[in-house]
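Below is one structure; the comments refer to it alone.
The values are calculated or read from the model by the stated rules, or taken from the named source; none is laboratory data. Being a predicted model, the structure only gives us computed values, none of them experimental. Note that each Cβ is placed from the backbone with ideal geometry, even for glycine, and that neighbours are counted across all protein chains shown. Ligands, DNA and RNA are excluded from the accessible area calculation, which covers all protein heavy atoms including side chains. Shrake-Rupley method; radii C 1.70, N 1.55, O 1.52, S 1.80 Å.
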Amino acid sequence: MKALITGASSGIGREFAHLLAARGYELVLCARREDRLHALARELPTVCHVIAADLSDATECHLMYQAVRGDDLEVVINNAGFGLFGEFASTDLTAELRMIDTNIRAVHILTKLALQDFVQRGRGYILNVSSAAGFLPGPLMAAYYATKNYVLRLTEAVREELRREGSPVRVCALCPGPVNTEFNKVAGVRFALGGLSAGRVARQALDGLFAGKGIIVPGGAMKAMAVGRHFAPDWLLARITWHFQHRKGGV
């Protein structure tokens, strides 16, 4: 049995690799930084295949999946993604479009292709890494929050379609809050709240995925936020989110 992990070179993706290797999975490690993937592969007690790809390119998404698909592919983890901080009027459009291509289009393509194979086969697991940001409007990170909302809603809708068909295929969204990874450096922010460890988040995500959960929100504070948002109008959530975002500042 084989598992594909995108964004495997660091952070939560790297922890997914260690945990799935311990479960006996053969791994396909995908990210842009090939040197890091090879270094990770040498650490793992399993067969690893390294694919260096820029998933913001749709063609590379298709080619990567065609290279790994097969009856032994059982788990697909769409973890690749990044954020961008700043007022929408001033953030770089080219960087935002690349983020949209990575956070949305790549997830859409790989979810679609894997789901078609898994449904035909009658088994398989897809974990899409969204964010607690996907529950909220996100001033000062408007495009990033919107991309994560897309991932969350797509996953929820596909899950309901599978439920109605009685399919054994499982699709799940991971919605963490701050995690201690390279994310904030890439996005140009400092988290206003303390982050969870990447290992803890990855472990909860895999446990939930294999248990058949639909949405996984690690950490008590983020669970409370996910519930509490139902009791506030969107305009108020946007104002509250702005204040938290503003405290991040730039780095």
Exercise. Does the range 37-44 contain at least one residue that is assigned to a helix (DSSP H, G or I), closer than 23 Å to residue 209 by Cβ and not hydrophobic (A, V, I, L, M, F, W, C)?
Worked result: yes
Exercise. Here are some residues: 74, 60. Which one is touching a residue at least 12 places away in the same chain (Cβ under 8 Å) and among the charged types (D, E, K, R)?
Worked result: 74
Seminar exercise, completed: Log entry, pairs with first residue in the range 77-105 being closer than 28 Å to residue 65 by Cβ and free of Cβ contacts under 8 Å to residues at least 40 places away in the same chain, second being charged (D, E, K, R) and not in a helix (DSSP H, G or I), beta carbons closer than 6 Å, six or more apart or on different chains, reads none
For this session: Say whether the condition of being buried (at least 17 other Cβ atoms within 10 Å of the Cβ), under 17 Å from the mean Cα position of the chain (by Cα), among the charged types (D, E, K, R) and modelled with pLDDT of 95 or more is met by at least one residue in the range 8-28.
Result: yes
Exercise. Is there a residue in the range 188-196 that is assigned to a helix (DSSP H, G or I) and either charged (D, E, K, R) or modelled with pLDDT under 85 (or both)?
Worked result: no
For this session: Name, by its number, the condition in (1) part of a loop (DSSP other than H, G, I, E, B); (2) open to solvent by 30 Å² or more (accessible area, probe 1.4 Å); (3) more than 21 Å from residue 202 (Cα to Cα) that does not hold for residue 81.
Result: (3)
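Residue-wise test of (1) over 21 Å from residue 179 (Cα atoms); (2) in contact (Cβ under 8 Å) with a residue 60 or more places away in the chain; (3) open to solvent by less than 60 Å² (accessible area, probe 1.4 Å).
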| residue | (1), (2), (3) |
| --- | --- |
| 117 | yes, no, yes |
| 133 | no, no, yes |
| 138 | no, yes, yes |
| 141 | no, yes, yes |
| 153 | yes, no, no |
| 156 | yes, no, no |
Exercise. Among the residues of the range 36-57, is any crowded, with 18+ Cβ neighbours inside 10 Å and among the basic types (Lys, Arg)?
Worked result: no
Exercise. Being closer than 25 Å to residue 201 by Cα, in contact with a Pro (Cβ under 9 Å, 6 or more places away or on another chain), at pLDDT 95 or above and of a type in the set (Val, Ile, Thr), is that true of even one residue in the range 106-118?
Worked result: no
